[in-house]
């Protein structure tokens with residue numbers, strides 16, 4: 001069936017010769033802030049969606065996949081996460097998942113762009129589910145790297161939920177060796193971190209493998225893992241890192257027990273089996289990670305195609 005003649009389409013460029021096209025039902029909000037272009041759009045198959053600088057960040061249909069995968073594995077492998085920091089995550093869904101852990105006493109979210117949070121608070125209530133108003137939540141609106149440099153507080157888990165590193169964007173200096181070493185210094189002895197790491201399509205692995213190589217300069221344990229988030233248009237990479245904890249040491253049954261004991265409510269995506277299985281990398285990815293030599297540094301940042 002052909003689309004209506006008056007249909008409007010959003011074309012997200014995923015690379016020099018690739019893109020993902022969505023039908024646009026309604027543009028609900030659009031504003032250029034001092035840091036980025038914020039758009040809230042009703043997409044045909046994905047519902048209400050947050051788009052930053054032309055890149056889809058979260059959609060109503062499948063955000064639960066991304067946010068459960070990003071948050072829970074790193075939280076579960078820490079024995080008792082009480083103090084958690086979220087870097088970025090403006091729509092509040094990462095914070096929402098952090099607060100589902102019964103052990104959490106404090107959740108600090110640092111985002112450079114106050115307007116993303118304000119727009120999300122008003123227009124994306126299903127995403128944050130009231131997390132901004134939870135008594136355990138603290139919000140800080142400043143550059144996360146500057147915050148870490150000027151505060152000596154220690155966290156059990158740090159979840160880094162950033163946009164991709166776009167040149168002149170707000171977060172490319174939050175993917176470097178210097179930044180990861182700073183994060184390490186703000187972690188408790190059994191501390192863990194998690195972050196999204198870009199596409200893992202076979203032709204688009206530099207960001208994923210370079211982040212892995214760079215994390216190894218700051219952490220003795222680095223565990224890359226994979227998930228399919230349909231709205232992103234390509235298979236997606238994530239990584240955990242820690243000072244001592246190895247996420248691969250836990251079985252599917254171990255993860256199931258921790259999920260049941262430590263997380264409030266039912267998860268929509270993750271099971272113990274999925275937690276364990278998503279860390280099993282296919283052969284071509286293992287080879288790429290083993291051969292990667294690129295380090296991301298302040299003086300040699302890495303930008304994705306935009």
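The values are calculated or read from the model by the stated rules, or taken from the named source; none is laboratory data. As the structure is a computational prediction, the values presented were derived from the model and not from experiment. Because the Cβ atoms are built from the backbone with ideal geometry, glycine has one as well, and the counts that use them run over all protein chains shown.
Against the conditions (1) buried (at least 16 other Cβ atoms within 10 Å of the Cβ); (2) modelled with pLDDT of 95 or more, where does residue 296 fall short? Just the number, please.
Condition not satisfied by residue 296: (2).
Applying the selection to region 146-176, what residues are modelled with pLDDT of 95 or more, assigned to a helix (DSSP H, G or I) and crowded, with 18+ Cβ neighbours inside 10 Å?
Residues satisfying the conditions are 147, 148.
Given the criteria more than 19 Å from residue 99 (Cα to Cα), in contact with a strand residue (DSSP E or B) (Cβ under 6 Å, 6 or more places away or on another chain) and assigned by TED's automatic domain parsing to the domain that holds residue 71, does residue 286 qualify? Please lay out each step first, then the result.
Details: more than 19 Å from residue 99 (Cα to Cα): yes; in contact with a strand residue (DSSP E or B) (Cβ under 6 Å, 6 or more places away or on another chain): no; assigned by TED's automatic domain parsing to the domain that holds residue 71: yes.
Taking the combined requirement at face value, the residue does not satisfy it.
Of all the residues that make up region 226-244, how many are surrounded by 19 or more Cβ atoms within 10 Å (Cβ to Cβ) and at pLDDT 95 or above?
10
Given the criterion within 30 Å of residue 104 (Cβ to Cβ) and assigned to a helix (DSSP H, G or I), identify the matching residue among 241, 287, 280, 253. Write out each step before concluding.
Working: 241 fails: assigned to a helix (DSSP H, G or I); 287 fails: within 30 Å of residue 104 (Cβ to Cβ); 280 fails: assigned to a helix (DSSP H, G or I).
The conditions single out 253.
Name the single residue, out of those in region 198-219 being in contact with a strand residue (DSSP E or B) (Cβ under 8 Å, 6 or more places away or on another chain) and part of a loop (DSSP other than H, G, I, E, B), that is farthest from residue 298 (Cα to Cα).
Result: 203.
Among the residues of region 94-125, what is the count of those that are more than 18 Å from the chain's Cα centre (by Cα) and within 22 Å of residue 75 (Cβ to Cβ)?
5
Just checking, does region 106-122 include any residue being buried (at least 21 other Cβ atoms within 10 Å of the Cβ), out of contact with any strand residue (DSSP E or B) (no Cβ under 8 Å at 6 or more places or on another chain) and over 20 Å from residue 37 (Cα atoms)?
No, the conditions are met nowhere in region 106-122.
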